[in-house]
Amino acid sequence: MELSFLGAAGTVTGSRHLLEADGRRILIDCGLFQGLKQLRLRNWGRFPVAPDSVEAIVLTHAHLDHSGYLPRLAHDGFHGPVYATEATVDLCQILLADSAHIQESDADFANRHNVSKHSPALPLYTVKDVDQVMRRLEKLSFDTLHEPLDGIGMRFHRAGHILGASIVEIHWKGCNIVFSGDLGRYNDPLMTDPAVIKNADYLVLESTYGDRHHDQENPENRLEEIIRRTATRGGTVVIPAFAVGRAQLLLWYMYRLKQQGRLPANLPIYLDSPMSVSAVDIYRSHPDDLRLNEADYAAAFNIAYYVRDVEESKALDTAPMPKVIISASGMATGGRVLHHLKRYAPDSRSSILFAGFQAAGTRGAKMLNGAETIKIHGEYIPVRAELHNLSMLSAHADADEIMRWLGNFQKPPKATFLVHGEPEAADTLRLRIKDELGWSCRVAGDLEKVRL
């Protein structure tokens, strides 16, 4: 058996891991490359193997850096099944459709304004491509060994992170290969802890925060402090937030603060992201996957005004009163939040609050690294607002939490491969695993193939 790393090796994006044996191929995750332009361009390159040679795809979860290349691979010839948990399939429906809509809109804008090097500019994939690939997605339950492919078993364990996220075991040719996907946090208010895994012949492990520790401060205290200070001076708090996972967690914290009287009762909170609104509905439909009881999360998800149409969204930028706007995307790479940043980033009374990891090359990373201007829709926008990044809101396990999860293994895997991390983060985690656990561990190389 051979394992190839076709993405998320040396970077945090584009998760794609290929298993091959006896002339058969299965792909674990099929993600988009995001962030820096040289990474995004890889989405347009030839896939390293013929798409029609891939028998099946297994998804760990719905985030686009793990699922967002599916429509393109299907467009280029993949015609097999895609296996995932029920909530992951439901979330893929909205995430992939939104991604396709953005692809089509960007291509249309480029053609109408003649700002592309290509004539005509084309989308990476279309809404029609999404509709076609969604028919291939098959729902599998957690905690059960399934064998949907002859001789290949798979089991999904809860990873935390976001709704439906899983740690995937693949059983093939007497070998057990575990893919961590993205590990969630311990004691997360919404999601369960990452499941205990005790054995694996081989482990493919994420390392996003392999060199960092999340701030241990209570996020409610920080949110209260920033929001109160901003509102007192008449400003608006803009929170770029991932539509799936982070937006729902923020609603929970805002609900808690309002319930405790720690935020002004009349301070409006807006959820301005159609996809976030749809994601809330999906969260509500999967109560068994959440830590909260149904009454708690129902109350929390009702704390905000849901902004559905464009005119309502535009009105938020003309209304002078203090408010909180939660809007996608989380790294300020697109979506409605860009319009709010154009309005409020130049306003020294306002605050921009990021809520987790900001990949290199994104507007979020540039702003937090001190950029005095950011480019939005062809304009350079001055950045005068107060800036914050609450890393404790991240949905990724930090270095200590990853080590805690590894501590459940009864014996070391034969080899551990680190993926989904920037080079320094991955190598720092590699040294910890080697020194503290004594495991055989190395950082996966881009397009590297290893024999298991």
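The values are calculated or read from the model by the stated rules, or taken from the named source; none is laboratory data. A quick note: this is a predicted structure, and the numbers were derived from the prediction, not measured. Don't worry about glycine lacking a Cβ; one is built from the backbone with ideal geometry, like all the others, and counts go over all protein chains shown. In case anyone asks, the SASA skips ligands and DNA or RNA and just uses the protein heavy atoms, side chains included. Shrake-Rupley method; radii C 1.70, N 1.55, O 1.52, S 1.80 Å.
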Counting only residues 5 or more places away or on other chains, whose amide H sits under 5 Å from the amide H of I381 once H atoms are built in the peptide plane? I374, K375, I376
In µm²/s, what is D for segment 63-172 at 10 °C and 1.306 mPa s, where D = kT/(6 pi eta Rh) by Stokes-Einstein and Rh is the Kirkwood radius from Cα pairs? 103
Apply the Karplus parameterisation 6.51 cos²θ - 1.76 cosθ + 1.60, with θ equal to phi minus 60°, to every residue of segment 349-354 and state each ³J(HN,Hα) to the nearest whole Hz, in sequence, with x for glycine and proline. 7, 8, 10, 10, 10, 7
By how many nm would the segment from L452 to D281 lengthen if fully extended, with 0.36 nm per residue of separation less the alpha-carbon distance? 57.4 nm
Please work out the Cα center distance from segment 220-275 to segment 377-452, rounded to the nearest Å. 29
When the accessible area of the chain is computed with all protein chains present and a 1.4 Å probe, what percentage of it is carbon and sulfur? 48
Binned at 5 Å from zero, the C-alpha pair distances of segment 283-338 give percents of 4, 15, 19, 18, 17, 14, 10, 3, 0
Given segment 361-432 reduced to its alpha-carbon atoms as identical point scatterers, what log10 I(q)/I(0) does the Debye formula return at q = 0.16, 0.25, 0.28 Å⁻¹? -0.77, -1.22, -1.34
Return the tail of the calculated pair distribution for segment 125-213, meaning the percent of Cα-Cα pairs more than 20 Å apart. 47
Area accessible to solvent at S276, 1.4 Å probe radius, in Å²: 0
Return the loop-located trypsin sites (Lys or Arg not before Pro) in segment 42-114 (DSSP other than H, G, I, E, B) with at most 11 other Cβ atoms within 10 Å of their own Cβ; answer none if there are none. R46
Hey, what's the Cα Rg ratio for segment 175-326 versus the globular rule of thumb, 2.2 N^0.38 Å? 1.22
I'd like the distance between the alpha-carbon centres of segment 144-163 and segment 303-335, rounded to an integer number of Å. 37
Within straight-line cross-link reach of K323, lysines at Cα separation under 18 Å, skipping those fewer than 8 residues along the same chain: K258, K314, K342
5 angstrom amide H check on R349, placed H, neighbours 5+ away: none
Tell me, what ³J(HN,Hα) does each residue in segment 6-21 have, in order and in whole Hz, if you take phi through Karplus 6.51 cos²θ - 1.76 cosθ + 1.60 with θ = phi - 60° and put x for Gly and Pro? 8, x, 6, 10, x, 8, 9, 9, x, 5, 7, 10, 10, 9, 9, 6
What distance in nm separates the two pseudo spin-label positions at N111 and A265, each 7 Å out from Cα along the beta-carbon direction? 5.4
Amide H proximity to N176 below 5 Å, modelled H, separation 5+ or other chain, gives D201, Y202
Among the lysines, which have Cα under 20 Å from the Cα of K434 when same-chain residues fewer than 8 positions away are ignored? K198, K411, K414
On the first, second and third principal axes, largest extent first, how far apart are the outermost C-alpha atoms of segment 278-421 in Å? 59, 40, 23
Cα coordinate range in segment 120-169, projected on the principal axes (Å, largest first): 47, 30, 14
What does segment 342-397 give for Rg and for Dmax, in Å, if only its C-alpha atoms count? 11.6, 36
For segment 1-110, what number results from the quotient of the Cα radius of gyration and 2.2 N^0.38 Å? 1.04
Per the Debye formula with a single identical scatterer at each Cα and no solvent contribution, what log10 I(q)/I(0) holds for the chain at q = 0.10, 0.12 Å⁻¹? -0.70, -1.02
At a Cα cut-off below 16 Å, give the lysines reachable from K128, other chains included and same-chain residues fewer than 8 away excluded. none
In segment 318-394, the GluC sites (Glu not before Pro) that fall in loop regions by DSSP, at most 15 other Cβ within 10 Å: E372
Taking a probe of 1.4 Å, how large is the accessible area per residue of the chain, in Å²? 40
Taking the radius of gyration and the Kirkwood hydrodynamic radius from Cα positions alone, what is the Rg/Rh ratio for segment 241-362, to two decimal places? 0.96
Arrange the residues H17, H171 by how much accessible surface each exposes, largest first, with a 1.4 angstrom probe. H171, H17
